[in-house]
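Enquirer: Once you've had a glance at the structure underneath, I'll fire off some questions.
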Amino acid sequence: MTEETPGFEEKPDVPSGATPDDAEPKAAASSTPEEGAAPAGDANETAGLVAQLDQVRTALGERTADLQRLQAEYQNYRRRVERDRIAVKEIAVANLLTELLPVLDDIGRAREHGELVGGFKSVAESLETVAAKMGLQQFGKEGEPFDPTIHEALMHSYAPDVTETTCVAILQPGYRIGERTIRPARVAVAEPQPGAQTVKAEGEQSAESAEKADDKENGGPEEG
């Protein structure tokens, strides 16, 4: 066994010509610049990330605006296509029903003369039902006021029993689809006789004057 000498401590190897105290300052000096360089690198990296994030946000905003614009254009396109589709359908139906109007006129005349009987009656009623389902509506009645927007006057006369221009005969009924008139009603109209209103007004005034004169002669109307 070996005996350790009391008070003896091992020291690290020191190069020749240098003392152990000289190694410690150098190690401390070499570690100081590294600790100061780390925060500067982190700041530069953070600034770069912030700049990249701003660029990504800007690009995202632009793409979002483009997407919203495209979506609005697509919705407008869909609505326009739907309107065009409905308009084309209405025009096609109106053209078809316009071609059928002479047939419906023949059916109406046959009904007026009592010739709408047998199998012809069944076919005619089926055709009228189909036309009604497609939106066709007939209009025009005797005695209604003349409206130049829906009536076409083919005959004109004067009558003492009318107070305005009136349809006195329906020569050919009119047809409409919804609010669209595809054929006006062809009618005969009658106007009040010239001076009839003046004569009527004078007659009413005379009757009123005579009634007042009778009341005056009788001492006025009796009080209840």
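The values are calculated or read from the model by the stated rules, or taken from the named source; none is laboratory data. Keep in mind the model is a prediction, meaning the values are calculated, not measured. Don't worry about glycine lacking a Cβ; one is built from the backbone with ideal geometry, like all the others, and counts go over all protein chains shown. Accessible surface areas use protein heavy atoms only, side chains included; no ligands, DNA or RNA. Shrake-Rupley method; radii C 1.70, N 1.55, O 1.52, S 1.80 Å.
Enquirer: Provide a single number: the residues in segment 150-176 that are open to solvent by 90 Å² or more (accessible area, probe 1.4 Å) and without any contact (Cβ under 8 Å) to a residue 24 or more places away in the chain.
Expert: Of the residues in that region, 1 qualify.
Enquirer: Quick one: how many residues across segment 89-135 are within 16 Å of residue 178 (Cβ to Cβ) and assigned to a helix (DSSP H, G or I)?
Expert: So the answer is 13.
Enquirer: Every residue in segment 147-176 that is small (Gly, Ala, Ser) and either under 10 Å from residue 189 (Cα atoms) or not in a strand (DSSP E or B) (or both), please.
Expert: Result: 153, 157, 159, 169.
Enquirer: Can you tell me which condition residue 113 does not meet? The list is (1) open to solvent by less than 100 Å² (accessible area, probe 1.4 Å); (2) over 43 Å from the mean Cα position of the chain (by Cα), and all the others hold.
Expert: (1)
Enquirer: Mind checking which residues of segment 177-197 are assigned to a loop (DSSP other than H, G, I, E, B) and either open to solvent by less than 70 Å² (accessible area, probe 1.4 Å) or of a type in the set (Phe, Trp, Tyr) (or both)?
Expert: 178, 184, 195
Enquirer: Quick check on my filter: what residues within segment 49-87 are open to solvent by less than 100 Å² (accessible area, probe 1.4 Å) and closer than 26 Å to residue 133 by Cα?
Expert: Once the filter is applied, which keeps residues that are open to solvent by less than 100 Å² (accessible area, probe 1.4 Å) and closer than 26 Å to residue 133 by Cα, segment 49-87 yields 81, 82, 84, 86, 87.
Enquirer: Suppose we filter 127, 104, 136, 97 for residues that are surrounded by 13 or more Cβ atoms within 10 Å (Cβ to Cβ), out of contact with any strand residue (DSSP E or B) (no Cβ under 7 Å at 6 or more places or on another chain) and farther than 16 Å from residue 170 by Cα; which single one remains?
Expert: One residue alone meets the criteria, 127.
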